[in-house]
Amino acid sequence: MSKKDNILKLVTFLALALSHKIGSQVNQNELYAGKYKKEYDTYLQQAKEIAFEENFNYYDKTEIKEKLTKKLRTELEKRDFIDNKKFDLIEGEVNNALSTLNLNN
């Protein structure tokens, strides 16, 4: 796969992972919170595998962060059953995830 394909897959897995993590944090008392937490772990593991396959440069990392932020916002907008506090967590969660994968600038 090309680097662009891997960036798109990485962003997709991270957006899904973070939307599930935010959903489980914001609505902790809901039945789906536990399931969301497990799915977060699965998606994050898939993102880690992609991140370790590639050697991303500064520009790639900047692109990943921009695309991830946009895609995560879109994912969270689809999930109208999650409290609107979800939007306040986007920046922090994106930075934490990118740090975890050593993709921060």
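Taken together, the values in this text are just the output of simple stated rules run on the coordinates, not laboratory data. Predicted model, so just to flag it, every value in this text is computed and none were measured. For neighbour counting, all protein chains shown are included, and Cβ atoms are generated from backbone atoms with ideal geometry for every residue, glycine included.
Past 18 Å, Cα to Cα, is the threshold; run LYS9/LYS38; LYS35/LYS71; LYS9/LYS48; LYS9/LYS35; LYS9/LYS37; LYS48/LYS78 against it and keep the listed order. Don't jump to the answer; show the numbers that get you there.
Numbers: LYS9/LYS38 20 Å; LYS35/LYS71 21 Å; LYS9/LYS48 11 Å; LYS9/LYS35 22 Å; LYS9/LYS37 20 Å; LYS48/LYS78 25 Å.
In this structure, LYS9/LYS38; LYS35/LYS71; LYS9/LYS35; LYS9/LYS37; LYS48/LYS78 exceed 18 Å between Cα atoms.
State the volume of the convex hull built on the alpha-carbon positions of the chain, expressed per residue in Å³ and rounded to an integer.
On the way: hull volume 8.9 nm³, N = 105.
Roughly 85 Å³ of hull volume per residue.
Any idea what the dipole of the chain comes to, in debye rounded to 20, about its Cα centre with Lys/Arg Cβ at +1 and Asp/Glu Cβ at -1? List each step's numbers first, then the result.
Numbers: 18 positive and 17 negative charges, 18 e Å.
Charge dipole, the chain, about its Cα centre: 80 debye, nearest 20.
Summing -39500 (n - 2.57) over the DSSP H runs of n ≥ 4 in the chain and dividing by its residue number, what mean residue ellipticity at 222 nm do you reach, to the nearest 500 deg cm²/dmol?
Values: 4 runs with 77 residues, N = 105.
The helix-only estimate for the chain comes to -25000 deg cm²/dmol at 222 nm.
For PHE81 and LYS35, FRET efficiency with R0 = 22 Å and r from the beta-carbon atoms, rounded to 0.05? Don't skip to the answer; put the middle values down first.
Details: r = 13 Å, r/R0 = 0.61.
Calculated transfer efficiency: 0.95.
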